[in-house]
Structure formats: structure tokens, C-alpha cells
1. Express the relative contact order of the range 3-153 as a whole percentage, based on alpha carbon pairs under 8 Å and six or more residues apart in sequence.
2. Separation between the Glu346 and Leu134 pseudo-spin-labels, each 7 Å from Cα along Cα→Cβ, expressed in nm?
3. Of Ser296, Ser322, how do they rank once you tally other Cβ atoms within 10 Å and put the fewest first?
4. Given the DSSP H assignment, sum -39500 (n - 2.57) over each helix run of at least 4 residues in the chain and divide by its residue total; what's the result at 222 nm in deg cm²/dmol, nearest 500?
5. Over the range 160-358, what lengths in whole Å, largest first, do the semi-axes of the equivalent ellipsoid take, defined as the square roots of 5 times the eigenvalues of the alpha-carbon gyration tensor?
6. Using only the alpha-carbon atoms of the range 88-218 as identical scatterers, what base-10 log of I(q)/I(0) does the Debye formula give at q = 0.16, 0.22, 0.23 Å⁻¹?
7. Report the paramagnetic label zone for Ala267: residues of the range 132-153 whose backbone N is under 17 Å from a point 7 Å from Cα along the Cα-to-Cβ axis.
8. May I ask for the distance between the Cα centers of the range 90-152 and the range 325-353, given as a whole number of Å?
Amino acid sequence: MTIGFVYHPRELIDQHIAGKGGSDHVWHTPQTDTAEHIFYVLDIYNTILLNPTYIHDIPETVLNKLRSGEWHLLIDCFEEYDLYRLETYNTSDRSPSEHMIMSTPLGRLVNFAQYHKIPQEYVHYASPFLYDDLMLNELKKLGVTTSINFHFRDAFLTIYARNTITVPQSSNEKYLYAALNAGDPKAPKVDMIYRLWKNDLLSDGLTSLSNFKRYLPTMCEKEFRELLPIRSEFTNKHWWSSPKDRQQSELAELQDVRIYISTETLAPFNYCFITEKTYRAIAYKKPFIIVGNKNSLQKLRDLGFQTFDKWWSEEYDALDWSERIDWTIDFLKWIKKDSPVFDGIEKVTEHNYNHMMNTKWEELLKTSLIDAKKTVDKV
């Protein structure tokens, strides 16, 4: 079974709404309109874009193919995003079906298909969400259904699974930890580095933090502000490099680190977003702590990775990010004071590395798309 992808021109998707973050990258190949199963791709950052105001000029010839089912529509969402908002149904004055249409991102998907007169069963939505089946079952209990097809696709996981550099297990632990929080200085990033500084742990790790402009916490003393920007001895500009240079730079940066602290992206309406900040630790065989959404470790386990509950408690996975920072500070103090030996931990980091590199993530998506399309075609 062959599959092909035809991209909606990127310039016809509103740049101001889409933002950056890789959504202008061509992820799906081959690009062809002659394969057995053709998907027309709308490459978006989040579902705010699913409005005719922001997506322009889908050709009528393409729309006719999508309406007939000759082609299927693939809405490829870069960001992990909770479409379902189950918690909002309890307080809604509308019926569940009306609430879904009027007040949730899932409703945007349905409305977009209806606006273009594309049957829902010919529409596919791919994102890093992972728990679509669970959410759809919960909606079904409320009498809310949709025929849209949902698929797992994580761009950051795919990027690191494409690494080609040889990664050794490193026993040289020059740094107790790494907390590399350069970039957009959101609250968790700033708070993590601030708390490290406040607890006299900053000099024990490899750290970075940009000079914040939009986020200026009042509790940060002048002495801390004057430290900024903090940069590790490396460039911290990996994403501007070629893949080979990025890999070499990241390996050089992390090879002497004992524990990797991932301060994850936390945006409104994320459910459990895992990005390159965590996958980087896996790609370079490092044990990690995640300061991020609740159940981040569980999501990794659901993807087939292993975590580190044999060596320390992972009860922190049930905490919000601010409480996770408290837990992380105590954890680092314990390691610094007692120097525990984590015998056998390299078996987990090796498993995670091999699972990332050996799993054919892109092929899994293609198989999922073809299977869903074949199921619809049989009806």
C-alpha cells in the first residue's frame, strides 16, 4: 500500500497565528499525488488556525477530491493540545453536543469540515496528544460522537529518532545536573533557575537562562537578575545548526552531566506536552527529571519508555509544575549530600535510547493513516 502527501501551501496559512516552532517544516513524505492513498496536509501549530479566515484558498479541485473521499484531509497539529476539555461540560448551559461544537477545539475541527463540506470520516487529525481514544470514549458517555480519525504524531520525538551520531554511556560526571532553560523565559524556566540559585545549587550544574523581558517575578532579588543571561559554556543555539552540528553540540554539552532536568513547555490547554527538552535526555542516554505537566512520566511509559522509580520516588509525577520544582530542589540536595550510587541505571537509559532510535515512528503514523482510510473506504 503506497501513501502520498500533498501540502497546502504554507504561505496560505496565516503566519501571525501559526507562529513558528517547526510548523513550516515538511514532515511527511513522499510528496506525491499519484500514490494509492493521498492525504492533503494542513500543517498547523494549533487548532486556532482551523478557521477559513486563517487558511486560504484550498483549490476547488482538491475540495472535490476531499468531499468524495478520493483524497483524505490530514490536519497535522504540531503542538500537543487538549481538544476535548472534558472538565468544561459540567458547567455548561448547553447540551453536550452543542457545547462540543460551540465551546471546544474539537468543535473547531467539526466546524471546519462542515464549512468545507468534507465528511468527517474523510478527516484525520494527527498530534502528540496520545490519549484521543480515552477522551472520545468519555465523550461517548455524554452522547457526543465524531467520525473524525485521530492519530499520534510527535515531531520532537521524530527529530531525535533521526539522530545518527554514536552516543556512548558516559561515566564522567563533571556536573551534578543540567538545567538548560535558554529561550523564551516562561515562568517555570525562570523559577527553576532561580530556585537553584536560591539553594546554592547553581554552581553544581550546567545551566542557562535568557534575560527575561515578559516575565519578571517580584521575588527575584537584584543579585539574581544581574546574573542574567546565564549561558552554559556551549552555544545553546542547537536548533539553528545543521542536524549533524546539533547532535555533536548537544552530545558535547550533555556527556558530563549526571541528571538532566527537563523544564518542559507549559502552555494553556496542554494536556501532557513532552518536547525536545525531554527527548534530548533520552537521545543522549541521560536519567531525567521532568518539571512539566502532571503524568509526564506516565505518558513516556505509555509510549514504551522506562523511567527511574527503581532509584528514586517518582510520586512527583502527580504534582503541578511549581511543586515539582520544590521536589527537584530536594532531590538535588539529596544527591549532592549523600552521593547515592545508581547501580544499573544505564540499562534504562540504554533501553530508552534504543526504543527511540529503533521504533519506526513515521511508519507507525503512515500505517495508522492507511488503516483508517481503508476502513472508511470499505463502508
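1. Relative CO of the range 3-153 lands at 22 percent.
2. 3.5 nm
3. Lowest count first: Ser322, Ser296.
4. On the way: 14 runs with 142 residues, N = 379.
My calculation for the chain gives -11000 deg cm²/dmol from helical runs alone.
5. Sorted largest first and rounded, they come to 24, 19, 18 Å.
6. For the range 88-218 at q = 0.16, 0.22, 0.23 Å⁻¹, log10 I(q)/I(0) is -0.93, -1.23, -1.30.
7. Under 17 Å, as judged by backbone N against the label point of Ala267, lie 153 of the range 132-153.
8. When both Cα centres are located, 41 Å separates them.
Here, each number is a calculation from the coordinates, and none is a lab measurement. These figures come from a predicted structure and were not determined experimentally. Quick reminder, even Gly has a Cβ in these numbers, built from the backbone with ideal geometry, and neighbours come from all protein chains shown.
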